[in-house]
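Reading through the structure tokens given below for one structure.
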Amino acid sequence: MSDSRPFHVLLLGGSGQVGRAIQHLMPRHWVVEAPSSREVSLCDPVALEAHVERRAPALIVNCAAYTRVDDAETDEGAAALVNREAPAAMARASSRCGARLVHLSTDYVFDGTAAPYQADARTAPLNAYGRTKRDGEVLVLKHAAGASIIRTAWVHSGSGTSFVATATRLLARGTSMKVVDDQIGTPTAAETVAEAVIRVAADPEITGIQHVTDTGVASWYDVACCVADALRRTGHLPIGAEVTAVSSEAFPRPAKRPRLSILDTHATRDRLRWEPPHWRHGVIRSTEQCLSLLHSDRSPHV
């Protein structure tokens, strides 16, 4: 891709954590169209496919997804429209108009019994959300042979909806938390995923499924403790605000979660010649940014 000529990008999910990070980090020659869900609904695959063909971008980046994991258990049809049918529509349109497609997916396509997972590992989702995301992957690769799928995990940022934002808000206000310590994965900053999207988009030879996370592993309890430590170091953790470890059985949820959903990212890191930061760096940065929003009365709604 030449840095001197405009490179037209259609970004779906541009208002989400990764979408915003892409727009912040994108190369100067990228010309991005990021329609809202009102302008282009992922719940209408026919209209979406027509929009993609009409716009005929050089690159399509799909950051949009139905991510309400528990709600998907009773509303799998709605999740399937966004996570399966919409990506399939993008893939069909991308093949017809010659666009490259980069699609985001999740560690929840795995059941958590055989981590760390390489990109070609057998999928076995435990819940409706994971099933619809897995089905979306299959259809993307079926309809767009040159597409790239980036699986990631536990995404967070300084704004928007994420566990880190929730923990920052609760702990900074003096509310103690009970957090599960038996679900293990890798918290990943939205900026890391955005950087991976940009790097993958720059190399048309990188196709198929890629695994991208920050480095290291953690439980949700570890993440909450990291947020608490960051607040404590800056004098923003009220006395009495504590984090207590509990098992998943203490918080029964409609959707079953994988206990050990670690993605093996070595192949992608080697291919991109790139080393993402340790998860603690990203969580601390997101905590500081969330705290800044809280103090400026522009609190993220989490």
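Observations
- HN-Hα J in Hz across segment 147-152 - Karplus 6.51, -1.76, 1.60, θ = phi - 60°, x for Gly and Pro: 6, 10, 10, 10, 8, 9
- Taken as Cα centroids, segment 191-226 and segment 38-96 sit 22 Å apart, rounded to the nearest whole angstrom.
- Cα-based radius of gyration for segment 157-302, normalised by 2.2 N^0.38 Å, reads 1.13.
- When +1 charges are put on Lys and Arg Cβ atoms and -1 charges on Asp and Glu Cβ atoms, the dipole computed for segment 201-265 relative to its Cα centre reaches about 380 debye.
- Of the listed residues F7, F163, F110, F251, the order by accessible area with a 1.4 Å probe, largest first, is F251, F163, F7, F110.
- Note on the chain: with charges restricted to the Cβ of Lys and Arg (+1) and Asp and Glu (-1), its dipole about the Cα centre is near 400 debye.
- The packing ranking, built from the mean of other Cβ atoms within 10 Å per residue, places the peptides 267-277, 196-206, 179-189, 52-62 in the order 179-189, 52-62, 196-206, 267-277, highest first.
- Spacing of the modelled spin labels on A47 and A202, each 7 Å from Cα toward Cβ, amounts to 3.7 nm.
- Distant-in-sequence amide H partners of H103 (H built 1.01 Å from N, under 5 Å): N62, S148, I149, I150
- Degrees, to the nearest 10: 163-172 long Cα axis against longest axis of the chain: 30
- The modelled label-to-label distance for the pair V246/E275, using points 7 Å beyond Cα in the direction of Cβ, is 3.9 nm.
- The aspartates and glutamates within cross-link reach of K178, meaning a Cα-to-Cα straight distance under 15 Å and a gap of 8 or more places when in the same chain, are D222, E242, E249.
- Difference of contour (0.36 nm per residue) and Cα-Cα distance, S36 to A267: 79.8 nm
- Protein heavy-atom surface of the chain, 1.4 angstrom probe: 50% of the accessible area is carbon and sulfur, with nucleic acids and ligands not counted.
- With θ taken as phi - 60° and the Karplus curve 6.51 cos²θ - 1.76 cosθ + 1.60 applied, the whole-hertz 3J(HN,Hα) list for segment 187-196 is x, 9, 5, 4, 4, 5, 5, 4, 4, 5 Hz, x standing for glycine and proline.
- Cβ-Cβ FRET estimate between R28 and R68, R0 fixed at 41 Å, reported to 0.05: 0.70
- Semi-axes of the equivalent ellipsoid of the chain are 32, 21, 18 Å, computed as sqrt(5λ) over the eigenvalues of the C-alpha gyration tensor in descending order.
- Heavy-atom surface of segment 204-288, accessible at 1.4 Å and reported per residue (Å²): 52
- The distance between label points at A121 and K178 comes to 3.0 nm (points 7 Å beyond Cα on the Cα→Cβ vector).
- Each of the peptides 170-177, 85-92, 66-73 was scored by the mean count of other Cβ atoms within 10 Å over its residues; in descending order, highest first, they stand as 85-92, 66-73, 170-177.
- Segment 22-122 - Rg (one decimal) and Dmax (whole number), Cα, Å: 15.3, 44
The values are calculated or read from the model by the stated rules, or taken from the named source; none is laboratory data. Source: prediction; values computed, not measured. Because the Cβ atoms are built from the backbone with ideal geometry, glycine has one as well, and the counts that use them run over all protein chains shown. We work out accessible area using only protein heavy atoms, side chains counted, and drop any ligands, DNA or RNA first. Shrake-Rupley method; radii C 1.70, N 1.55, O 1.52, S 1.80 Å.
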